1. Please list, in order along the stretch 229-234, the HN-Hα scalar couplings obtained from phi with the Karplus expression 6.51 cos²θ - 1.76 cosθ + 1.60 (θ = phi - 60°), rounded to whole Hz, x for Gly and Pro.
2. Could you tell me how many degrees, from 0 to 90 and to the nearest 10, lie between the Cα long axis of helix 101-117 and the main elongation axis, the longest principal axis, of the Cα atoms of the chain?
3. For the stretch 1-158, what does the relative contact order come out to in percent, with C-alpha contacts under 8 Å and a separation of six or more?
4. When DSSP beta bridges are limited to those with both residues in the chain, what percentage is antiparallel, rounded to the nearest 5?
5. Once you list every other residue whose beta carbon is under 15 Å from the beta carbon of Gly17, what net charge do they have if Lys and Arg are +1 and Asp and Glu are -1?
6. Could you quote the convex hull projected area for the stretch 125-245, Cα atoms only and averaged over all directions, in nm²?
7. Could you name the lysines whose alpha carbon sits less than 18 Å from that of Lys59, not counting residues in the same chain fewer than 8 places away?
8. Please compute the contact order of the stretch 112-175 in relative form: average sequence separation of alpha-carbon pairs under 8 Å and at least six residues apart, divided by the residue count, as a percent.
Amino acid sequence: MVINKPGNVTDRIILLGRNESSVYILKGKDEYALLGGGMVHIVPEMLDQLKELKIEPEKIKRIIILHSHFDHCGVVPFFKKRWPWATITASAKAKELLSSPKVIKAIESMNQSLIEKQGRQKEAEELGLSFSGIAVEEVIKGGDTLSCGELTLEVIDVPGHSSCSVAIYVPEEKAMFASDAGGIPFGDEVFTAGNSNFDQYQENLNKMAAYDIEIYLPEHYGARIGEDARNFLKKSIIAAKETRKILEESLQRTKDWKKSVGEMTDKVMEKAPADFLSRDIISIVMGQMLKYLSKQMPNT
């Protein structure tokens, strides 16, 4: 079952945001955590949803960024101002990236493009949705354990999609918060996103798939429960193998990863949902994967 409308996934997990950008509230008895940083343009919806679902902001003690890409940290500066008591938590690499002037400039540029695309300039100005960096206050790494009331948050290092990716597993819910490290839902399929290191990406799909999962929580296109949750990473593992083969075949033909980017991007966009990532972003992802794989292949 797929849940892509805001509201309860379980009694202790709440989905917020929009279909293309999902974030989650994890509810412990006396404290909550926000997992995922979302796209900047979902802030107005989140404000309405927090009220409608009667979520008490003062209970939100931690905001966890699972990786530092622009579409996964866009709402964090706004809500940190609203909830100064909430600790910003991320990996050491994410902390480094989110304080880099070059990265900050790129995220702000992408955020503003997204706001303009959504026609939300006025709301953005009124709410102050600008990006000037994020000060990560708590650094986590694989093997660490956090708490959210009576709930346990097990940290898993899962680089591959990005160098800074972590996942969170909550054993009490059999819930895996994987962000894009587990692949991106793509209709009935999974879009492979081994951007920074394809080998690590595949290794970490297998690592996460070894967990007992009944709830799977990506940050695009809603939550999966039951059979859909149990099967998601299996599908992602298969998709990664198939995608790698297709990309390598293209590299063998073209002998130049830059020449392969256009045709691979075209293939994705032919099947992409209407609200999927833009062609420019897909082209960047394809370029990163192809460049990495070309270095692993002789004569390309």
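Each reported figure results from applying straightforward, stated rules to the coordinates on display, with no laboratory input. Since the model is a prediction, treat every value here as computed from it, not as a measurement. Don't worry about glycine lacking a Cβ; one is built from the backbone with ideal geometry, like all the others, and counts go over all protein chains shown.
1. Result, rounded to whole Hz: 5, 5, 8, 4, 5, 4.
2. 80
3. Relative CO of the stretch 1-158 lands at 20 percent.
4. Counting only bridges with both partners in the chain, antiparallel ones make up about 70 percent.
5. -4
6. Averaging across all directions leaves 9.4 nm² for the Cα convex hull.
7. Correct list for Lys59: Lys27, Lys29, Lys51, Lys80, Lys81.
8. This gives 19 percent for the stretch 112-175.
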